[in-house]
1. On a 0 to 90° scale, report how tilted helix 91-108 is relative to the longest principal axis of the chain, with both axes built from alpha carbons and the result rounded to the nearest 10.
2. Scanning the chain for trypsin sites (Lys or Arg not before Pro) in DSSP loops with at most 14 other Cβ atoms within 10 Å, what's the longest stretch left with none?
3. If Lys and Arg each add +1 and Asp and Glu each add -1, what is the summed charge of the other residues whose beta carbon sits under 11 Å from the beta carbon of residue 247?
4. Quick one: with all protein chains in place, what share of the accessible area of the chain is carbon or sulfur, to the nearest percent (1.4 Å probe)?
5. Using a Gaussian network for the chain with springs between C-alpha atoms less than 10 Å apart, which of these wobbles most: 206, 268, 192?
6. How big is the chain by Rg and Dmax over its Cα atoms, in Å?
7. Along the range 150-157, what does the Karplus equation 6.51 cos²θ - 1.76 cosθ + 1.60 (θ = phi - 60°) give for ³J(HN,Hα), rounded to whole Hz, x for Gly and Pro?
8. Leaving out ligands and nucleic acids, and using a 1.4 Å probe, what accessible area per residue does the chain come to in Å²?
Amino acid sequence: MKIAVLGAAGGIGQSLSLLLKMQLPAGSELALYDPAPMTRGVAVDLSHIPTQVAVSGYAGSDPEPALTGADIVLISAGIARKPGMERSDLFKFNAGIIMDLVQHCAKVCPKALIAIITNPVNSMVPIAAEVLRKAGVYDPRRLFGLTSLDLVRAESFAVDKLQQGVAAGQIPVVGGHSGLTIVPLFSHQSGVAPQEADMVALIEQVQQAGTRVVEAKAGAGSATLAMAYAALRFCLSLVRACAGDKNVVEYAFVEGGNPMARFFSQPVRLGCEGVVEVLDYQPVHPIEQAAIEQMLPTLNKEIQQGIDYALHVLRD
Ligand code: NAI
């Protein structure tokens with residue numbers, strides 16, 4: 001399989017590329033693209049790690065050599081937050097980047113599974129959908145917004161709360177990927193579910209986790225390392241599903257299957273063509289249900305912002 005990473009010279013891109021070089025199945029191809037001239041060097045550097053994953057790197061203004069023949073495209077291209085910024089502050093800059101890159105995907109690898117890491121995810125995924133639709137190649141099963149970092153964080157915080165050595169299991173996170181739209185479902189924790197006060201605190205901890213990283217990095221970037229791990233996990237799930245494993249379930253921000261919003265982060269069973277089935281995440285605790293209902297207007301507004309932007313630009 002060929003996996004393309006767009007934004008490969010960045011904080012997430014480099015870490016993710018390293019993890020992919022080490023963990024993709026033997027025989028895979030890893031193609032790195034970033035306008036930054038160093039991208040070829042990143043590929044050369046990675047190629048010195050003795051695994052059977054071939055790495056190529058492309059810089060400059062043309063992503064198409066990296067995208068040609070790609071089965072999976074992971075996009076972490078664009079600017080990240082600085083202290084004091086919300087994810088929505090990235091919209092203006094990153095929207096144009098996503099439009100451009102997805103237009104190239106539509107032309108060169110229209111059947112690829114595309115996973116968008118770039119923020120604000122809640123708006124970038126709808127933009128990508130409209131670009132693919134305009135090109136006549138949109139298949140909602142194949143487009144994902146990556147929210148797996150929220151699951152990674154929820155699991156990690158639950159383990160901290162439970163004390164060392166106790167597994168919390170996977171904690172579902174539904175909704176979207178910005179502030180209040182991130183709704184972790186700690187009531188699904190294996191073993192004893194947290195008390196209500198703890199649940200409220202844990203939900204807020206996950207919602208604010210990205211901002212805490214941005215503040216702690218003091219202007220030098222946002223989450224890159226845990227994000228790279230989360231994206232690796234998601235990508236390996238796609239690879240397993242493509243290889244025929246019928247039991248691969250991930251949470252991702254996808255279109256369809258939820259009456260509350262056109263795009264929603266929810267559990268999906270994966271197959272070679274992307275989403276095979278949207279799964280149920282009910283029942284939820286009343287606190288979680290209230291959090292979902294409370295955030296819906298924000299989620300739908302951010303989705304609509306992406307759609308409106310794309311339709312406006314594509315009309316010209
Ligand atoms: P970064 O600034 O370190 O790297 C971004 C890279 O994108 C740079 O190397 C830049 O040259 C490249 N780039 C710019 N224009 C491009 C284009 N047209 N095509 C390809 N590459 C292009 O940023 P970082 O930390 O890697 O973050 C990337 C994005 O991921 C940000 O938008 C950030 O907010 C988002 N993010 C998403 C998370 C999620 O959970 N979905 C978590 C953390 C960050």
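The values are calculated or read from the model by the stated rules, or taken from the named source; none is laboratory data. Every value quoted in this text rests on a predicted model; they were computed, and no experiment measured them. Note that each Cβ is placed from the backbone with ideal geometry, even for glycine, and that neighbours are counted across all protein chains shown. Please note that ligands, DNA and RNA were not included when accessible areas were found on the heavy atoms of the full protein model with its side chains. Shrake-Rupley method; radii C 1.70, N 1.55, O 1.52, S 1.80 Å.
1. On a 0 to 90 degree scale, this one is about 50.
2. Between the exposed loop sites, the longest stretch runs 112-245.
3. Result for the local shell: +2.
4. 56
5. Answer for the Gaussian network model of the chain: 192.
6. 18.6, 57
7. Those phi angles translate into 5, 5, 4, 5, 4, 5, 5, 5 Hz.
8. Each residue of the chain exposes 42 Å² on average to a 1.4 Å probe.
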